[in-house]
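Peer 1: One structure coming up, written as structure tokens, with questions to follow.
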Number of protein chains: 2
Amino acid sequence: MSNYQEILQNNNLKATHQRIAILEAIDHAGHIDVDKLFKNLRKHFPTLALGTMYRNLSEMSDKHILLEVTLPGQKVKYELKKEPHIHLVCNGCGKIEDRTLDIEDKIKECEEENDFTVLDSNIVFTGLCQKCQDQKKV
Amino acid sequence: MSNYQEILQNNNLKATHQRIAILEAIDHAGHIDVDKLFKNLRKHFPTLALGTMYRNLSEMSDKHILLEVTLPGQKVKYELKKEPHIHLVCNGCGKIEDRTLDIEDKIKECEEENDFTVLDSNIVFTGLCQKCQDQKKV
DNA sequence: AACTTAAATAGGAATTATTCTTATTTGAAA
DNA sequence: TTTCAAATAAGAATAATTCCTATTTAAGTT
């Protein structure tokens, strides 16, 4: 039983070929938007309907199998929900990378100062990755 | 000379009635999406075209007069660019609040660990505001 | 205060994105 | 294998966004 099949069934979703293919493609891409995902999948799955994509992306996001990554001025991207992490987005090459950063202390601080219970966090740092820093120096 | 007029002219944009009205409405609302903004503005500005809205929101975001606030599963919202701040989003009432949180140390940590130059940060904490915490207790 | 003109707008068409509908297919439980 | 609720494909319908162009306007100049 594939990992994806298990994930789906644990969430009361039938493990259809379409869903598994979507999860595989997202996992492989890391972060990918609806269009690119659809084009990729269509190559090996010519009957896949766009409606099926939208429906499943939405359902699987609702069930927290997927995570929507929203960045200003960009299309929504999807990633597999894994360990909590932040996103580093390079202004140069556009790459999105997952990184861990311990922010428990900041969350606590924020909760105390604002009388707010933090249940989830979403952190994006934009800037320049190593490669793009180096290119600027040349 | 109104503040908005000045902001626009500093960015080489003509201070049109439309733009000033858009800025006023966003400032008043705090965070607002295209639809709500358009409906609000139309009341007092019946000829305003939707295309004008989109064009200006996009231009003013490009010029960093506005900031796009993107949250998963929600329409893009716009806010006036002011001091850096994080967003607290309540799962109960949906309200978005601006708060300051010093994360310089975390940014430095992240830069060193990942050889990444951070130029901007975007932090959203979702959870429960005071009101909605209290309601859950009752 | 009128003149000039590049920039901006209104209005609507065109395009793109997303959701909805329904007949057919399929995963998986019995 | 049979059964059937759930899911899909295909395409229509709707919603969101961009594009086009004739007209208007902000603001600099006389």
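The values are calculated or read from the model by the stated rules, or taken from the named source; none is laboratory data. Predicted, not measured: the structure shown is a model, and the values here were computed from it. Counting neighbours? That spans all protein chains shown, and the Cβs are built from the backbone with ideal geometry, glycine included. What goes into the accessible areas is simple: the full protein's heavy atoms, side chains included, and nothing from ligands, DNA or RNA. Shrake-Rupley method; radii C 1.70, N 1.55, O 1.52, S 1.80 Å.
Peer 1: Step by step: first the residues of the range A:72-85, then only those that are on the phi < 0 side of the Ramachandran plot and within 14 Å of DNA strand D (Cβ to nearest atom), then the one that is nearest to the chain's Cα centre (by Cα). Which residue is that?
Peer 2: Checked the range A:72-85; the qualifying residue nearest to the chain's Cα centre (by Cα) is A:V76.
Peer 1: List every residue pair whose Cβ atoms lie under 9 Å apart, where the two residues are 6 or more positions apart in sequence or sit on different chains, the first residue falls within the range A:1-26 and is of a type in the set (S, T, N, Q) and at pLDDT below 95, and the second residue, located anywhere, is more than 8 Å from DNA strand D (Cβ to nearest atom) and not in a helix (DSSP H, G or I).
Peer 2: Listed pairs, sorted by first residue: A:S2/A:A15.
Peer 1: Restricting to the range B:42-64, name every residue that is closer than 26 Å to A:Q74 by Cα and either at pLDDT below 95 or more than 13 Å from DNA strand D (Cβ to nearest atom) (or both).
Peer 2: Residues satisfying the conditions are B:K63, B:H64.
Peer 1: Going residue by residue through the range B:1-11, is there one that turns out to be more than 14 Å from DNA strand C (Cβ to nearest atom) and either surrounded by 14 or more Cβ atoms within 10 Å (Cβ to Cβ) or of a type in the set (S, T, N, Q) (or both)? I'd like the intermediate steps shown before the answer.
Peer 2: Step one: of the range B:1-11, the residues more than 14 Å from DNA strand C (Cβ to nearest atom) are B:1-3, B:6.
Going one step further and asking which of them are either surrounded by 14 or more Cβ atoms within 10 Å (Cβ to Cβ) or of a type in the set (S, T, N, Q) (or both), we end up with B:2-3.
Checking the range B:1-11: at least one residue is more than 14 Å from DNA strand C (Cβ to nearest atom) and either surrounded by 14 or more Cβ atoms within 10 Å (Cβ to Cβ) or of a type in the set (S, T, N, Q) (or both).
Peer 1: So A:N114 clears everything in (1) open to solvent by 20 Å² or more (accessible area, probe 1.4 Å); (2) of a type in the set (S, T, N, Q); (3) over 27 Å from B:L119 (Cβ atoms) except one condition, right? Which one?
Peer 2: (3)
Peer 1: Of all residues in the range B:119-138, which are of a type outside the set (D, E) and either open to solvent by less than 20 Å² (accessible area, probe 1.4 Å) or under 19 Å from the mean Cα position of the chain (by Cα) (or both)? Spell out how you get there, then give the answer.
Peer 2: We begin by selecting, within the range B:119-138, every residue of a type outside the set (D, E); these are B:119, B:121-133, B:135-138.
Within the range B:119-138, B:L119, B:S121, B:N122, B:I123, B:V124, B:F125, B:T126, B:G127, B:C129, B:C132 meet the criteria.
Peer 1: While we're looking at this one, here's another question. Restricting to the range B:44-72, and then to whatever is free of Cβ contacts under 8 Å to residues at least 12 places away in the same chain and near DNA strand C (Cβ under 9 Å from one of its atoms), can you tell me which residue is surrounded by the most Cβ atoms within 10 Å (Cβ to Cβ)? Before you say what the answer is, go through the steps one by one.
Peer 2: Residues of the range B:44-72 free of Cβ contacts under 8 Å to residues at least 12 places away in the same chain: B:46-47, B:49, B:51, B:55, B:58, B:62, B:68, B:70, B:72.
Imposing the further condition that a residue be near DNA strand C (Cβ under 9 Å from one of its atoms) reduces the set to B:46-47, B:49, B:51, B:55.
Values: B:P46: 7, B:T47: 7, B:A49: 10, B:G51: 8, B:R55: 12.
In this case the residue turns out to be B:R55.
Peer 1: Can you name every residue in the range B:12-43 that is open to solvent by 40 Å² or more (accessible area, probe 1.4 Å), of a type outside the set (V, I, T) and assigned to a loop (DSSP other than H, G, I, E, B)? Quick ask: steps written out before the conclusion?
Peer 2: Filtering the range B:12-43 down to residues open to solvent by 40 Å² or more (accessible area, probe 1.4 Å) leaves B:12, B:14, B:16-18, B:24, B:27-29, B:35-36, B:39-40, B:42-43.
With of a type outside the set (V, I, T) added as a condition, the list becomes B:12, B:14, B:17-18, B:24, B:27-29, B:35-36, B:39-40, B:42-43.
Of everything in the range B:12-43, those that are open to solvent by 40 Å² or more (accessible area, probe 1.4 Å), of a type outside the set (V, I, T) and assigned to a loop (DSSP other than H, G, I, E, B) turn out to be B:N12, B:K14.
Peer 1: Sort through B:L101, B:L67, B:L57 and tell me the only one that's more than 9 Å from chain A (Cβ to nearest Cβ) and either closer than 28 Å to A:T117 by Cα or within 18 Å of the chain's Cα centre (by Cα) (or both).
Peer 2: On the way: B:L101 fails: more than 9 Å from chain A (Cβ to nearest Cβ); B:L67 fails: more than 9 Å from chain A (Cβ to nearest Cβ).
Of the residues listed, the single one that is more than 9 Å from chain A (Cβ to nearest Cβ) and either closer than 28 Å to A:T117 by Cα or within 18 Å of the chain's Cα centre (by Cα) (or both) is B:L57.
Peer 1: Based on this model, can you work out whether B:E109 counts as modelled with pLDDT of 95 or more, in contact with an Asp or Glu (Cβ under 9 Å, 6 or more places away or on another chain) and either facing chain A (nearest Cβ under 10 Å) or part of a helix (DSSP H, G or I) (or both)?
Peer 2: In short, yes.
Peer 1: Would a scan of the range A:75-90 turn up a residue that is facing chain B (nearest Cβ under 7 Å), open to solvent by 20 Å² or more (accessible area, probe 1.4 Å) and either out of contact with any Leu (no Cβ under 6 Å at 6 or more places or on another chain) or among the small types (G, A, S) (or both)? Give the steps one after another, and end with the answer.
Peer 2: Narrowing the range A:75-90 to residues facing chain B (nearest Cβ under 7 Å): A:88.
Within this subset, residues satisfying the condition of being open to solvent by 20 Å² or more (accessible area, probe 1.4 Å) are none.
Checked the range A:75-90: no residue is facing chain B (nearest Cβ under 7 Å), open to solvent by 20 Å² or more (accessible area, probe 1.4 Å) and either out of contact with any Leu (no Cβ under 6 Å at 6 or more places or on another chain) or among the small types (G, A, S) (or both).
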